[in-house]
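Accompanying notes for the structure given below.
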């Protein structure tokens with residue numbers, strides 16, 4: 001699994017420095033944002049203790065300056081973060097398409113697969129993990145570490161309350177989100193099947209009507225819709241459970257913290273300003289915990305999809321053994337037949353082409369035609385071509401029409 005993850009990370013390409021820069025500015029933003037509640041708590045303590053006005057103003061100005069810098073930096077890093085995510089996604093889709101275009105056409109033979117989905121949809125999770133997955137892990141661990149540091153510094157005993165809740169919160173949401181991800185995958189597959197079914201029905205609408213099979217196909221569609229609806233119901237239930245559990249935690253934890261902290265303030269074991277800071281820091285815990293759960297779930301989904309993406313990126317056609325040709329001296333054509341639909345254009349044409357000869361085919365209009373013979377496309381030829389000691393049959397040759405390639 002680790003080797004697969006390293007392999008995915010190696011596709012960061014020219015965005016490696018950008019990812020490091022994003023990591024730096026986001027770390028600085030987290031540090032400033034986490035410092036602000038502590039400074040506010042210090043300011044409340046100074047006021048509560050009846051300190052000099054000059055000290056109050058000084059602490060207030062420092063707090064305002066840090067908050068302003070945090071706000072500006074947060075705006076900047078938020079923009080750069082999402083811009084980086086979008087730019088890398090498009091880059092990754094491009095290298096996937098490049099890999100697809102560079103493959104030998106034999107790769108696609110006899111494969112009934114939607115490669116567009118692999119390039120456009122499967123790339124979403126993979127690209128996200130390659131670009132912002134690692135920074136997301138580091139930044140959320142850093143944020144939790146900084147918040148816990150300030151909490152312990154203010155009061156170690158009161159810190160035990162949120163520290164006890166964190167692992168419970170993470171474990172419960174891990175299992176909920178894992179099931180949600182599984183159902184989400186099923187939902188995407190179900191939606192894709194329904195979309196494909198609708199397109200198939202509409203493309204065959206004339207045959208359906210001729211045979212009076214409207215009700216038959218409608219019943220089949222209703223069965224597929226029912227299966228899809230059951231998946232959506234399960235997803236809605238899981239999301240409702242997650243929202244309910246989150247509401248309980250976010251509602252009960254502040255109350256417990258304030259009650260226990262208030263008793264400590266009453267007994268003189270905690271300053272009132274730090275009780276405020278504790279309360280503010282609770283909001284700093286929920287987001288990184290949820291992000292870490294999402295990161296863990298996403299990375300497992302991505303690793304499960306990684307084989308499909310890596311195989312597509314790294315697949316190489318093993319060419320069959322044959323004669324290496326440096327030069328073609330002669331091409332021999334025998335009994336060439338060619339037609340556009342039912343209209344016969346060439347019939348039983350035979351000729352030899354020596355090296356350097358030029359062949360022109362003039363159409364009815366009197367002008368030269370630019371249709372090109374290519375391998376592995378459509379195969380309208382019944383004749384045989386012979387060149388450099390090899391005979392090409394129908395399966396070896398095809399036609400690429402100028403009407404949609406060259407015009």
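Mind ordering 255-261, 145-151, 3-9 by average Cβ neighbours within 10 Å, highest first? Mind dumping the intermediate values first?
Values: 255-261: 16.0, 145-151: 18.6, 3-9: 13.6.
Top to bottom by mean Cβ count within 10 Å: 145-151, 255-261, 3-9.
Peptides 272-284, 234-246 ranked from most to least packed by the mean count of surrounding Cβ atoms within 10 Å: 272-284, 234-246. What shape does region 158-269 have by the C-alpha gyration tensor, where a ≥ b ≥ c are the square roots of the eigenvalues, rounded means a/c under 1.5, and otherwise prolate means a/b greater than b/c and oblate the rest? Since a/c reaches 1.5 and a/b is larger than b/c, the shape of region 158-269 is classed as prolate. Of the peptides 64-74, 215-225, the order by per-residue mean of other Cβ atoms within 10 Å, starting with the highest, comes out as 64-74, 215-225. Apply the a/c threshold of 1.5 to the C-alpha gyration tensor of region 25-86 and tell me whether it is rounded, prolate or oblate. The shape class here is prolate. Measuring r between the beta carbons of residue 193 and residue 239 and using R0 = 25 Å, the FRET efficiency lands at 0.65.
Only the coordinates and a few stated rules stand behind these numbers; no lab work does. Worth saying up front: this structure is predicted, and the values here are computed from it rather than measured. Cβ: placed from backbone, ideal geometry, glycine included. Neighbour counts: every protein chain shown.
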